[in-house]
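Visitor: Quick one: the structure is below, questions incoming.
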Amino acid sequence: MSVLPAEVQGALSQLLQALSSPDNTLRTQAEEQLNNDWTPNRPDMLLMGLVEQLQAAEDPSTRSFAAVLFRKQASKTKKLPGTNENKELFLTLGVEARGAIRSKLLEGLAREQINAVRNKIGDAIAEIARQYVDANEMWMELLAALFQASQSNDAGMRECAFRIFSTTPGIIEKQHESAVQEVFGKGFKDDSVDVRLAAIEAFASFFHSVTKKAQSKYYSLIPDILNILPPLKQAGDTENLSKAFVSLIELAEAAPKMFKTLFSSLVSFSISCVQEKDLGDQTRQNALELMATFAEWAPAMCKKEPSYTSDMVTQCLSFMTDIGLDDDDAAEWNANEDLDMEESDMNHVAGEQCMDRLANKLGGEVMLPATFTWLPRMMHSASWRDRHAALMAISAISEGCRDLMIGELDKVLELVVPSLRDPHPRVRFAGCNALGQMSTDFAGPMQEKYHQVVLTNIIPVLEAPEPRVQAHAAAALVNFCEEAEKAILEPYLDQLLGHLLQLLQSPKRYVQEQALSTIATIADSAESAFIRYYDTLMPLLFRVLQTEQSKEYRLLRAKAMECATLIALAVGKEKMGQDAITLVQTLGNIQQSITDEDDPQSQYLLHCWGRMCRVLGRDFVPYLPGVMPPLLELASAKADIQLIENEEDALDQEDGWELVPLKGKVIGIKTSTLEDKNTAIELITIYAQILEADFEPYVADIIERIALPGLAFFFHDPVRVASAKLIPQLLNSYKKRFGDHSPQLMELWAKCCDKEIEILSAEPAIDTLAEMFQCFYESIEVVGKSGLTQQHMEQFIQSVKSSLEEYQKRVQERVEDKADAAQAGVEEDDDSLSVQYAIEDDQTLLSDMNKAFHTIFKNMGTNFLGPWERLMPFYQSFASSSDPTQRQWALCIYDDVLEFCGQQSWQLSGEITKALIRGMTDENAANRQAAAYGVGIAAQKGGEQWSDFVAASLEMLFQITRVPNARSEDEVFATENACAAIAKVLHYNASKVPNPQQVVEQWLDTLPVVNDEEAAPYAYSFVAQLIDQQNPAVFAKAQQVFHHIALALEAEMIQGQTAKKVAESAKAMVTQSGINADQVLQTLSPDGQATVRSYFS
């Protein structure tokens, strides 16, 4: 029975008819009436009327349409009067109206007999349920109704119940766990396939909402879930089998360990599905994806399963041979000029991607034996598809297997290189692909050891008869050359550029474009060695830029711009002469000619201008008025966000969009806009960095519109990072223009400082927060002394305090997770990579935080000590932590307190002395180094109060220099810092040292200092002092001391006035002692001898 007046029911009925009318005019009028009258003015009548229609309308299509419209209207947001709060339309209704609508929805669901309509009503119920869950409110009747529906005699009703569960698993409360198990258990054994599949999907969704601790209660259901699959395969029901695999993939991501006891059977079944060609590509790929998901989330479990790796590698390689089926001679492939053709749904691509993932997760020890069981055979197969697959497999696994393959590169190259002469073009293409990938994954050794093998074999491929092979050989050269040093490339430049110039004459434009990219990369790596090719190449590039104006040549011109500007960077302004100005003017003309939004030249131009700024320096300033406006427009762009109503629309928008599910809807964020914004901000940073004072006219506007808002641009992490890197450069521009502590600089800094401190409390991403701390300390470095007010320092400490509290919570969570995992018998390496990344992010954060403290102490001195003391409880905890990195953070900040607060540091002496004593005997060399440095600084800056402590520390400092392998790479910095610290104690606190002469004699044996540039000047200045004082200990070991001085001069550890002074004293010692200086110098390298002799000439 309707609760609405008849006239309202009639009006709504007419509205529904009009909204579904094929007449555009009628439909548009109805939409206006809905949006401008019903929704804002009569939401209660609208929603009640719609729910009555979905419940009672005679026509099924009306009921279905009413359910869809109800769901959309109920989820619209409405601003509550007199507040800034937005609520979804349904939740703005009164309690009574909401209750009535809920009841009618459940009645409508129970009454509906047609499955398609029932599912639409179910979607409407799920939307209302979601709103209640999000608002932390309960819909008490719903769970009971769904439990009841899941036991219905009607299979369609049972399926619908599980569909609602899958969209709103949050409605299931903890107290219903046993009932849930029973419902799902029945669902998995249901007579109807559709119900069984809906139950799996609902269970996968529910599982993502369950805490990790609660998950194990449901492990007993897994056999029932897996039993659903074999009958589907036997029946050849590929569509439903494919759906079942998708749900299992979700479960495997959430809790792979729940499959542990049945993993062997699941591997066998999944592999049998991958092998079964009759099941169709999508089902086979989903089976493969399920297995790959286990590798990503439970690699240890996969490694322990005997057949897993060999079966997976075999099936991936088999998939990879599924290529070019109707194109045996590759004629169609070679004729195709759409090189970006979408192939992501093809079997061979699925196989390659899976191999890459397996290698990255399982590593070389597991993957290489399984893969190389096949590869030599495949490489010598008569089938080109086998040879092609083997080469693509090498490309796929090289990154993940890098550590083991790098030692076997000569053997891998023996397999790959002959393929460059294969009779089949696609095999040659794959050979180029493998060499290109290896050049990146094994960067360094590939270029240094194997340049001759690679280049002499790939350069001839540039003459291949097939344009696609030519282009891919040139592309592989990009990978090789961008990682190669100038000296390696120089002997090959004639050959390389001769062939690439030939490719510029190719009739295929994509070949010309690739040749230009490769030449640009070679110029970038060859640097000044490229000068001799300048006069040949630059006129060609000018010809392309100035004559080829038609639309189809836009990308070619863009590549020519890139090439010309990279050559300009390589050869420099002097070589270019007037060409530099001509090039800039040509770029300006191209910029003015661009009219289409999708013109690729726009993107390339941004980077080209940046390069020309680096080439011209201050001479670029006159061109800024033309360059800056489009750049500023991109950099100040707002996020392009759209609300996408349904999944079909979302799929249409996937390219260039990031789709984010939010409250039952899909939010689309246009990522290409955000990437352009990020690029523009990075380029502005380059201009500010290079032009400094000359960039000042743009600074205020950029700070206001781009940089400061960019710090809080939460749609895109890279934009926030780029903004953080930009601000110090803009401050520096003002500093260079107006001077240190100028009113203009301080006014700009006041704006920046407030925002920078504010963002330290708001930044959600840990890696980005580290960048924000870096921005803050780099800004202070620019502004200099007294750049912070007392209020700023207090606010900064408050932000740091909250960051440290969050850090401690994360550390505690990791400890608890590790304990839970150990209790559950989880193999440690399953989560080790993600945990390791999280630990590294935290280490970077705390490191940058410490650098901020260092910079503030350096510039604010003792004024910062009071505010910073609020953080002492954290650093006391760090100083005694079992984590060596935490101990290091504490020691480093205590060193800063000693260095920049001098005698006032004594007020913290209780904590600092404890940390330094522990640090000097720490098992970690970096911590011994920090502690030794601290003792030296206390001797140098601490004054009388610290003198007893530092004198008493001498024996511990000597112990640091005597540890096993004290001069090894890991230990040498601790050794050298201890040496310098002893010198400082003897220089500044000799009166407190018992028997100082004996200490000096021992100390001379702790030299040389040839690695630490900070420690060396103190150590050798003290040596010079001892020589000048005619200390007998020095003259007793004159030859040894002179050798140590020579080593320091050779290593350029001491320079400038310090080096001159030390050399003068050494000269006097040589003369006085009569040692054979030439004989000592013979032990040095020829360059080292020349360096040292220059000081004694």
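The values are calculated or read from the model by the stated rules, or taken from the named source; none is laboratory data. Quick caveat, the model's predicted, so the values are computed rather than measured. Methodologically, a virtual Cβ is constructed for each residue, glycine included, from the backbone with ideal geometry; neighbour enumeration extends over all protein chains shown. Surface areas here come from the heavy atoms of the whole protein model, side chains and all, with no ligands, DNA or RNA. Shrake-Rupley method; radii C 1.70, N 1.55, O 1.52, S 1.80 Å.
Visitor: Solvent-accessible area of Phe958, probe 1.4 Å, all protein chains present, reported in Å² to the nearest ten, please.
Guide: Ignoring ligands and nucleic acids, Phe958 comes out at about 10 Å².
Visitor: Still on this model: Report, by chain and number, residues whose modeled amide H sits under 5 Å from the one on Lys78, excluding near sequence neighbours (fewer than 5 apart, same chain).
Guide: Amide H neighbours of Lys78, under 5 Å, 5+ apart: Lys87, Glu88, Leu89.
Visitor: Can you put Arg71, Arg428 in order of accessible area, largest first, using a 1.4 Å probe? Mind dumping the intermediate values first?
Guide: Numbers: Arg71 70, Arg428 25 Å².
The ordering from most to least exposed comes out as Arg71, Arg428.
Visitor: Can I ask one more? Output wanted: per-residue J couplings in Hz (rounded whole) for the stretch 533-538, from phi through Karplus 6.51 cos²θ - 1.76 cosθ + 1.60, θ = phi - 60°, x for Gly and Pro.
Guide: These are the phi-based 3J(HN,Hα) values: 9, 4, 5, 7, 7, 4 Hz.
Visitor: Using θ = phi - 60° and the Karplus relation 6.51 cos²θ - 1.76 cosθ + 1.60, list the HN-Hα couplings for the stretch 697-713 in order, rounded to whole Hz, with x at every Gly or Pro.
Guide: Listing the rounded values in order: x, 9, 5, 4, 5, 5, 4, 5, 9, 10, 5, 5, x, x, 4, 10, 8 Hz.
Visitor: If contacts are Cα pairs under 8 angstrom and at least 6 residues apart, what is the relative contact order of the chain in percent?
Guide: About 4 percent, as a whole number.
Visitor: Further question: Using the Cβ atoms and a cut-off under 14 Å, what net charge is assigned to the surroundings of Ser723, where Lys and Arg are +1 and Asp and Glu are -1? If you can, show how the numbers build up before the last one.
Guide: On the way: positive: Lys677, Arg705, Arg720, Lys725, Lys751, Lys755; negative: Glu682, Glu704, Asp717, Glu756, Glu758, Glu763, Glu771, Glu778.
After counting each charged neighbour, the total is -2.
Visitor: Excluding same-chain residues fewer than 8 positions from Lys735, which lysines have a Cα within less than 20 Å of its Cα?
Guide: Within the straight-line limit of under 20 Å, Lys735 reaches these lysines: Lys725, Lys751, Lys755, Lys785, Lys858.
Visitor: Convert each backbone phi in the stretch 896-910 into a coupling constant with the Karplus relation 6.51 cos²θ - 1.76 cosθ + 1.60 (shift: θ = phi - 60°), then list the ³J(HN,Hα) values in order as whole Hz, x for Gly and Pro.
Guide: Along the stretch 896-910, the couplings run 5, 4, 5, 5, 9, 10, x, 5, 5, 5, 4, 5, 10, 4, x Hz.
Visitor: On a straight-distance basis, which lysines could pair with Lys809 in a cross-link, Cα separation under 24 angstrom, same-chain partners fewer than 8 positions away excluded?
Guide: Leaving aside lysines fewer than 8 places away in the same chain, those within reach of Lys809 are Lys212, Lys213, Lys801, Lys818, Lys851.
Visitor: Using label points projected 7 Å from each Cα along Cα→Cβ, tell me how many nm separate Ile114 and Thr211, to one decimal.
Guide: 4.6
Visitor: Shifting gears a bit: Mind checking which aspartates and glutamates have their C-alpha under 12 Å from Lys551, skipping anything on the same chain fewer than 8 residues away?
Guide: Asp596, Asp598, Asp599
Visitor: With all protein chains present, how much of the accessible area of the stretch 317-463 (probe radius 1.4 Å) comes from carbon and sulfur, to the nearest whole percent? Numbers along the way, then the final one.
Guide: Numbers: 3070 of 6320 Å².
Of all accessible area on the stretch 317-463, carbon and sulfur atoms account for 49 percent.
Visitor: Calculate for the chain the 222 nm mean residue ellipticity that helices alone would give, adding -39,500 (n - 2.57) per DSSP H run of length 4 or more and normalising by residue count, nearest 500 deg cm²/dmol. The partial results should precede the final answer.
Guide: Values: 60 runs with 779 residues, N = 1097.
Theoretical 222 nm ellipticity from helices: -22500 deg cm²/dmol.
Visitor: So what does Glu408 come to for accessible area, using a 1.4 Å probe and Å² rounded to 10?
Guide: Only protein atoms counted, so the area is about 80 Å².
Visitor: Can you pull the percent of Cα pairs in the stretch 848-1004 with separation above 28 Å? Walk me through the numbers on the way to the answer.
Guide: On the way: 1995 of 12246 pairs.
Counting every Cα pair in the stretch 848-1004, those more than 28 Å apart make up 16 percent.
Visitor: For the stretch 1015-1068 and the stretch 936-984, what is the centre-to-centre distance using only Cα atoms, to the nearest Å?
Guide: 19
Visitor: Working from the pairwise distances between different alpha carbons, so that the mean of 1/r is found and then inverted, what is the chain's Kirkwood radius in Å?
Guide: 35.5
Visitor: Hey, another quick one. If you filter the stretch 151-234 for GluC sites (Glu not before Pro), then keep DSSP loop positions with at most 14 other Cβ within 10 Å, what is left?
Guide: Here the sparse-neighbourhood loop sites are Glu173.
Visitor: Sort Met405, Met45 by heavy-atom solvent-accessible area, probe 1.4 angstrom, most to least.
Guide: Per-residue accessible area, sorted high to low, gives Met45, Met405.
Visitor: Here is the link list: Lys79/Lys670; Lys304/Lys361; Lys120/Lys186. Which ones come out longer than 21 Å on Cα distance?
Guide: Details: Lys79/Lys670 26 Å; Lys304/Lys361 14 Å; Lys120/Lys186 24 Å.
Beyond 21 Å between Cα atoms: Lys79/Lys670; Lys120/Lys186.
Visitor: I would also like to ask the following. Counting only other residues whose beta carbon sits under 12 Å from that of Glu816, what net charge do I get with K and R as +1, D and E as -1?
Guide: +3
Visitor: Same structure again: As an exercise, take the mean of 1/r over every pair of distinct alpha carbons in the stretch 471-600, invert it, and state the Kirkwood radius in angstroms.
Guide: Averaging 1/r across every pair of different Cα atoms and inverting gives 15.0 Å.
Visitor: Sticking with this one: Please give the solvent-accessible surface of Asp754 in Å², to the nearest 10, using a probe radius of 1.4 Å with every protein chain present.
Guide: So the heavy atoms of Asp754 present about 80 Å² to solvent.
Visitor: Heavy atoms only, 1.4 Å probe, whole protein assembly: order Val1009, Val349 by accessible area, highest first. If you can, show how the numbers build up before the last one.
Guide: Values: Val1009 0, Val349 20 Å².
Output order, biggest surface exposure first: Val349, Val1009.
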